[in-house]
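Below is one structure, written out as structure tokens; the observations come after it.
The values are calculated or read from the model by the stated rules, or taken from the named source; none is laboratory data. Note that the structure is a prediction, hence the values are computed from the model and not measured. Every residue, glycine as well, gets a Cβ built from its backbone with ideal geometry; the counts of neighbours run over all protein chains shown.
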């Protein structure tokens, strides 16, 4: 069943690219005791993701943090090196943590996996955003296929 408002984030492991190389980050480490604005994209370097979704959070990072968000994080079913390169190219730097869900384990665990095999993209994550407070989902905005209307940073700001 798809994750819902009020649900606890399941246990998962992401990877982030650091100056020392790839590092594993557990969902507990990421969400415990923090308010996190998490958003997911179908793929790094894809048009809507690169031109609108990630930039909306990069541009609004200061406003989100001013409203109490501790961490802004982007996840995609891409490897850690792709996520690191995309974050660097997009100016995410210290604004957005780029979380690789390389095998799609997290996307499957929250039942927001996207089957894009017909487009030659394999299994991905659906586009969504969620506000997570101390590991519990407080707001969730899942996009309809092919849409980008409710998972942007402005919508997240309204949730705060």
Note to self: Here is a check on your reading of the model: is residue 2 more than 17 Å from residue 123 (Cβ to Cβ), surrounded by fewer than 22 Cβ atoms within 10 Å (Cβ to Cβ), over 12 Å from the mean Cα position of the chain (by Cα) and modelled with pLDDT under 95?
What the structure shows: no
Next item on the list: Report yes if residue 139 is at pLDDT 95 or above and surrounded by 22 or more Cβ atoms within 10 Å (Cβ to Cβ), otherwise no.
Entry: no
Check: Can you pull out the residues in the stretch 86-98 that are within 19 Å of residue 47 (Cα to Cα), out of contact with any helix residue (DSSP H, G or I) (no Cβ under 6 Å at 6 or more places or on another chain) and buried (at least 16 other Cβ atoms within 10 Å of the Cβ)?
Finding: 86, 87
Notebook entry, point to check: Could we say that residue 22 is closer than 20 Å to residue 127 by Cα, in contact with a helix residue (DSSP H, G or I) (Cβ under 6 Å, 6 or more places away or on another chain), surrounded by fewer than 20 Cβ atoms within 10 Å (Cβ to Cβ) and at pLDDT 95 or above here?
Noted result: no
Check: Can you tell me which residues in the stretch 27-55 are touching a helix residue (DSSP H, G or I) at 6+ places or on another chain (Cβ under 8 Å) and under 14 Å from residue 97 (Cα atoms)?
Finding: 27, 36, 37, 39, 40, 41, 44, 54, 55
Note to self: Can you tell me which residue is farthest from residue 80 (Cα to Cα) among those in the stretch 11-48 that are without any contact (Cβ under 8 Å) to a residue 60 or more places away in the chain and out of contact with any strand residue (DSSP E or B) (no Cβ under 8 Å at 6 or more places or on another chain)?
What the structure shows: 47
Note to self: Is it the case, given these coordinates, that residue 104 is at positive phi and free of Cβ contacts under 8 Å to residues at least 60 places away in the same chain?
What the structure shows: yes
Notebook entry, point to check: Do the conditions hold for residue 148, that is, is it more than 22 Å from residue 9 (Cα to Cα) and not in a loop (DSSP other than H, G, I, E, B)?
Noted result: no
Notebook entry, point to check: What pairs can you find where one residue is in the stretch 49-62 and outside any helix (DSSP H, G or I), the other is surrounded by fewer than 17 Cβ atoms within 10 Å (Cβ to Cβ), and their Cβ atoms are less than 8 Å apart, with a gap of 6+ or different chains?
Noted result: 60/154; 60/157
Next item on the list: Determine, yes or no, whether residue 68 is out of contact with any strand residue (DSSP E or B) (no Cβ under 9 Å at 6 or more places or on another chain), surrounded by fewer than 16 Cβ atoms within 10 Å (Cβ to Cβ) and not in a helix (DSSP H, G or I).
Entry: no
Next item on the list: For the stretch 63-84, name all the residues that are under 16 Å from residue 50 (Cβ atoms) and touching a residue at least 60 places away in the same chain (Cβ under 8 Å).
Entry: 75, 83, 84
Check: Counting only residues that are in contact with a helix residue (DSSP H, G or I) (Cβ under 9 Å, 6 or more places away or on another chain), outside any strand (DSSP E or B) and surrounded by fewer than 18 Cβ atoms within 10 Å (Cβ to Cβ), how many does the stretch 110-134 have?
Finding: 1
